[in-house]
Amino acid sequence: ADFDAKKKRKVAEIYQALNSDPIDVAALRRMAISEGGLLTDEIRCKVWPKLLSVNTDDLPPLPAGKELREDSKDYQQVLLDVRRSLRRFPPGMPDDQREGLQEELIDIILHVLKRNPQLHYYQGYHDIVVTFLLVVGDRLATALVEKLSTHHLRDFMDPTMDNTKHILNYLMPIIDQVNPEVHDFMQSAEVGTIFALSWLITWFGHVLSDFRHVVRLYDFFLACHPLMPIYFAAVIVLHREQEVLDCECDMASVHHLLSQIPQDLPYESLISKAGDLFVQFPPSELAKEAAQQQAERTAASTFKDFELASVQQRPDTVLRQRFRERLRGEERLRGEERTKSILTKPRTNRFVKLAVMGLTVALGAAALAVVKSALEWAPKFELQIFP
């Protein structure tokens, strides 16, 4: 009964945020992150567009599928992937209903690709699109997926995998900060990070069999910084610390263990831990430092570049800047007898296992910080995406 009361209260708070003028997007972000996420698909239909700043009043009609299919170079591949996507539909759904949805799925994907020729289809993209289709229906899904594809998913839709690999490279440093032992074991096993590729590029839609868990994660990712899925991937590995350390220390064994994702993960506590880690080791600080440095170097010329980078909101740009900052910081440290520099974090916390503030986070402390850092992350971007 207590749970029901809490749920009722949360539903009321969500509607209050939706009905306030202007809409309280920060509150909606907090609700999407905090325990239970957005609770129902009916609420998701109303809140997801707000989180992505998509105007639902004038959604364009979907074009007829026939000409889309004739024109598209990706049609054959999309068709194959969608045909293979049976298990992404609720078990027990009548065949004709599922087949109708699969046709809609193909049309949405081809429509977004046609309108954005700079985007390249990748295998796994359909796993993200089908989640939106099942929750919000085809017209709204098309608008949301298009916004997402030009922002959060942008790096995965490049002609090459370079930026995606670069984001994956971020997994080990996060693990290293929290648990050097697991990090060193994985390095010795030379397992790499490819086991997490399908997690990252499908927002876990491809690997989790329970649809409720998938949409709960989408609530979280839509409300957060675009790099949050890699923090969540790190948290899953850290959660399995004992299994990893008990494994044979070779690539095949560790890769096999990690690529089989357990289906009974404690999602709520992992979500709060990912939020914590993001707050403790945020990419956002570094974007701010990069912006500051650029402003010092010249005034107008480089500022334009930064503006463009933030409007694209490509996670990869932030990471590259972060890496450059760290190198510069380390060079400077050698010169200054290792006095603490603002640019590099003291590494002491590496050896202290992070105490997880589980409860406070469930109540939203990290949720707030995540929201704040997502907003601070790029002032220019804020105007465009966060109403």
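The values are calculated or read from the model by the stated rules, or taken from the named source; none is laboratory data. Quick caveat: nothing in here was measured; it's all calculated off a predicted structure. In this analysis, Cβ positions are derived from the backbone assuming ideal geometry, glycine residues included, and neighbour counts consider all displayed protein chains. Side chains are part of the model used for accessible areas, which takes the heavy atoms of the whole protein and leaves out ligands, DNA and RNA. Shrake-Rupley method; radii C 1.70, N 1.55, O 1.52, S 1.80 Å.
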Task: Condition met for P91 (under 20 Å from V135 (Cβ atoms), surrounded by 11 or more Cβ atoms within 10 Å (Cβ to Cβ) and not assigned by the TED database to the domain that holds R212) - done: no
TODO: Look through the range 29-43, keep the residues that are open to solvent by less than 40 Å² (accessible area, probe 1.4 Å) and over 17 Å from the mean Cα position of the chain (by Cα), and return whichever of them is nearest to V136 (Cα to Cα).
DONE: I43
Open item on the list: Looking at R154, R139 in this structure, which one is open to solvent by less than 30 Å² (accessible area, probe 1.4 Å), among the basic types (K, R) and farther than 23 Å from Y267 by Cβ?
Closed with: R154
TODO: Could you look through the range 231-265, keep only residues that are farther than 20 Å from Y218 by Cα and charged (D, E, K, R), and pick out the one that is least open to solvent (accessible area, probe 1.4 Å)?
DONE: R240
Task: Residues of the range 123-134 satisfying the condition of being on the phi < 0 side of the Ramachandran plot and either open to solvent by less than 10 Å² (accessible area, probe 1.4 Å) or at pLDDT below 95 (or both) - done: Q123, Y125, D127, I128, V129, V130, T131, F132, L133
